[in-house]
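Readers should treat all values here as calculations from the given coordinates under stated rules, not as data from a laboratory. Just so it is clear, the model here is predicted, and its values are computed rather than measured. Neighbour counts are summed over all protein chains in view; Cβ atoms, including those assigned to glycine, are modelled from backbone coordinates with ideal geometry.
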Amino acid sequence: MFDLSPVMQAEVSSWTPREQSMKGMVFATKLVVRHALIWYAVRENFSFKTEHSNLERLMVSCEDNSCPWSIRAICCKGDNVWKIAKCKGPHTCDEIQNAHDGQMIGSAFLAYVLECYIREDPTYKIKNLCHVALADLKYEVSHYKVWDAKQKAVAAIYGDFKESYAELPHFLSKLCVISDRHPGIQVVFRDISRDFLQPPMTEHRYCLCHVCDNVNIRWNNETLTNLVWRAASATQERKFNATFKLIENVNWDAHQYLKDVPKEKLALTFDESYRYGVMTTNVSECFNGVLKGARSLPITAMVKYTWFKLNAYFDDRRNKSIAQLNSGKKWCKYALDIFMRNKARA
């Protein structure tokens, strides 16, 4: 259950969803006061209207003019908190006659309610958040309102998209971009005025699939294409040189074409570990699935999420390895399965 109590001092009575507001309750901000009042109104099935609101005070009253319920909260400048200074009531409006439409549940209040869930898991699906809202508020909230609330909660947690892009360069040191040889991409990386896309900030590498496709389209030779793949994937310079020599024997024009490609952009052995062994852009499809729920986040939050997700994968593998070693197993399951298959074929 969402915890509503925003009380700042232990000696002040805390607010509970079914409790009438009390004089002296203290809140961190005016927004928290309003959210607490909305929560209470939702629970008690009534609506209130704002009589007055500024930087120093907030006055609300029941929408039913015959009901005496009203609250006045003020800002205590010395303590930098908001306090309920006056309460009138209780409610005399009939709960049964009031429409159970949840009209007080706006997207801003809903974002306040759902923020703790989204902070814990930013990939929460909208349909699941709809169920959470129904369980906490006892009202069925529209899909669009939940979607809008999630956008506001994400902005409250991670900052808006403009702030996110401003923070992004901090996370782009030692970046490796793997792409095809599209002329537009080439122009961008050759533009020395874009210093953030130049070494050592950024390294540019070519996708091996696209290189091989270009070779195959030009010369339509399967043997040649396979040799290009083998040369670019070689992890030792001598193996690269030997395979590159074979390419020259098979097709001299293709050899000259590949000679014009900077070796560090093409071959793994000259990469200096910027690729981390990734030779193609196909890995992006894998990450699209892993990071599917994070696509709606601001760009910097997405980068942070990627880092923490990757870190969690490594930590999970480490814990599994330790558990297997402690149980007396010398080989991981993947390697053991290969051994057993080879043994069965022997």
Stretched fully, the stretch from Lys320 through Asp160 gains (0.36 nm per residue minus C-alpha distance, one decimal, in nm) 53.8 nm
Isolated cysteines for the chain, Cβ-Cβ cutoff 4.7 Å, are Cys75, Cys76, Cys87, Cys116, Cys130, Cys176, Cys207, Cys209, Cys212, Cys286, Cys332
For Glu63, other-chain or 5+-apart residues with amide H closer than 5 Å (H placed, Pro excluded) are Ser47, Phe48, Lys49
Which of Lys23/Lys49; Lys86/Lys162; Lys23/Lys77; Lys145/Lys304; Lys259/Lys304; Lys304/Lys330 exceed 29 Å between C-alpha atoms? The answer is Lys86/Lys162; Lys259/Lys304; Lys304/Lys330
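Filter the chymotrypsin sites (Phe, Trp or Tyr not before Pro) in the stretch 269-330 to those in DSSP coil with at most 12 other Cβ atoms within 10 Å of their Cβ, and list the result.
The qualifying sites are Tyr276.
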Candidates for volume of the Cα convex hull per residue in Å³ are (1) 153; (2) 193; (3) 259, and the calculated one carries label (3)
At 20 °C and 1.002 mPa s, the Stokes-Einstein diffusion coefficient in µm²/s for the stretch 72-183, with hydrodynamic radius from the Kirkwood sum on alpha carbon pairs, is 118
To the nearest 20 debye, the stretch 292-341 has a Cα-centred charge dipole, built from +1 on Lys and Arg Cβ and -1 on Asp and Glu Cβ, of 80
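Give the relative contact order (percent, whole number) for the stretch 20-98; include only Cα pairs under 8 Å separated by 6+ residues.
32
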When the chain is treated as a Gaussian network with springs between alpha carbons less than 10 Å apart, the largest mean-square fluctuation among Lys245, Lys265, Lys145 is found at Lys245
Sorting Tyr257, Tyr40, Ile84 by the position of each Cα along the dipole of the chain (Lys, Arg +1; Asp, Glu -1; all at Cβ), the one nearest the positive end of that ordering is Tyr257
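Once the Cα gyration tensor of the stretch 295-345 is found, what semi-axes does its equivalent ellipsoid get, as square roots of 5 times the eigenvalues, in whole Å, sorted largest first?
Listed largest to smallest, the semi-axes of the stretch 295-345 are 35, 15, 5 Å.
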